[in-house]
Each structure stands twice: as C-alpha cells, then as structure tokens.
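The values are calculated or read from the model by the stated rules, or taken from the named source; none is laboratory data. Since this is a predicted model, take the numbers as computed values, not measurements. Here the Cβ positions follow ideal geometry from the backbone for every residue, glycine too, while neighbour counts run over all protein chains shown. Each accessible area value is taken on the protein alone, full model and side chains, heavy atoms only, with ligands, DNA and RNA left out. Shrake-Rupley method; radii C 1.70, N 1.55, O 1.52, S 1.80 Å.
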Amino acid sequence: HRESLIIRADAHFAREQFADALQDYDAVLEADSSDDDVLWQRCRSRLNLGMDVLALRDLDLILERNAQHYDALAERARLKEGGGAFAAAVADLSVLLKNRPDDAAAWARRGTIHHRMAHWPEAVEDLSRALELDPQQSTLYYRRGLAQHQLNRPVEAVEDLDSAIRIDPSNPDFWYSRGNCHAGQGQADAAIARLAIRHQVYAPSDEAKGR
C-alpha cells in the first residue's frame, strides 16, 4: 500500500496536481515519517501550493537528519532570503559550498545576499568565485562593480561595469552605474554620455541607485 501511494503521489506531482500529491505524501509520512525522499517531495508540493511556512518545517526536519542535503539547503536558503533572514541564508549556503565548491549558482547567490547586506568585501569575494566558474553572467559583473564602487575602487568598478555592458549592452542600469562611477572620478563628459544611455529615458532600479 505504501509503495502504491508513493507511485500515485509522484504521478500527481508530475501532472502538477499538487494538492492530490500532498494528500498522498501526508498519508505515507503518517505511517512512516523517516523517509526523507518522500518528505522532500511533500516539501516541494507545499512550495508549489504556496505553503512556505509548512515547507520550511519539512526542510528543517530533513536537515536535522541530514545536514548536507543539497536540495534542502538550497531551498531553505532561498526561503530565508525571501523572508529577510539573510544571515541564516548565508549560513545554509556556506554549508552547501563546503561540499559543492564548484557550484557557481551558490557562490552567486551568497555573493548577492552579501551585496544586499552591504557586506562589500564578502560580496566581491563570492561574486568573483562565481565569475571564475561562469564568466558570462552580466549581472554578477554589475553587482561586483557596485561593490567595488562602495569599496572606493573606481578602476575595478569601471572594469566590471564595462564587462557587464559588453555582455548585455541593452541594460540601462549598467550604463547608469558606469556613469555614476565616472562622475565620482570627476569625468563629467563620460558620465553624461553614459547617463544619457543613447537618449533612452528610464527610471534606474533601486540597486543601480545604491538603495
């Protein structure tokens, strides 16, 4: 009966019938709560149904039993970040990266969280690791450039923003931030040229404005 319930629950999940899947996963776990694979699937069902608080409980239970569970660490970090618990998200990503040092996405995620926390040296370090592994991410060059600017490293900041623009020349925030860097160095003509963004009028993002 247990195996048939799991098969049926997985089929519901595959068809995106998450409420039905959840019901079956609950039944399986009520009889035996030790199966982390089923617990993970219930967590995913709850996430798809917008039940983040209950999903977080599942993640906590999984990680109590297996502190190295990659998917649970990554998902809990995402939920913690979304809830503003940045330090907790960084802690989970740090555990993850000890076992997956070649995970570019995890370095990028942790670097971005450090950036949001205004931890500029840590942001530069993590974003640099991410870019070593995946050098075509324009947003990571952009964020590292903003962090370099906050650390009063104008040359490095402009170099990073140039790299971001080379990869994605249509992003106005990249041009806006590069113009700000030039303005900070007293290069008014270059700043005006880049802030004009080829005569495009737009509202810069909060990140570009340093908020």
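Odds and ends about this structure:
- Any hit, segment 127-144, residues being touching an Asp or Glu at 6+ places or on another chain (Cβ under 9 Å), at pLDDT below 95 and more than 30 Å from LEU56 (Cα to Cα): no
- In the set LEU96, LEU54, only one residue is assigned to a helix (DSSP H, G or I), among the hydrophobic types (A, V, I, L, M, F, W, C), buried (at least 17 other Cβ atoms within 10 Å of the Cβ) and at pLDDT 95 or above; that residue is LEU96.
- Top-ranked residue of segment 125-153 - restricted to ones that are open to solvent by 20 Å² or more (accessible area, probe 1.4 Å) and of a type in the set (A, V, I, L, M, F, W, C), ranked as nearest to ALA105 (Cα to Cα): LEU133
- Among the candidates LEU29, LEU47, LEU5, the residue that is surrounded by 15 or more Cβ atoms within 10 Å (Cβ to Cβ) and either within 22 Å of ARG109 (Cα to Cα) or among the small types (Gly, Ala, Ser) (or both) is uniquely LEU47.
- Residue within segment 101-123 that is touching a Gly at 6+ places or on another chain (Cβ under 8 Å) and either under 30 Å from ASP24 (Cβ atoms) or open to solvent by less than 30 Å² (accessible area, probe 1.4 Å) (or both) present: yes
- Residue match in segment 62-73 (condition: farther than 30 Å from SER128 by Cα, open to solvent by less than 60 Å² (accessible area, probe 1.4 Å) and of a type outside the set (D, E, K, R)): yes
- When the criteria are applied in full, ASP10 meets the requirement of being more than 20 Å from ALA123 (Cα to Cα), assigned to a helix (DSSP H, G or I) and either touching a residue at least 24 places away in the same chain (Cβ under 8 Å) or open to solvent by 30 Å² or more (accessible area, probe 1.4 Å) (or both).
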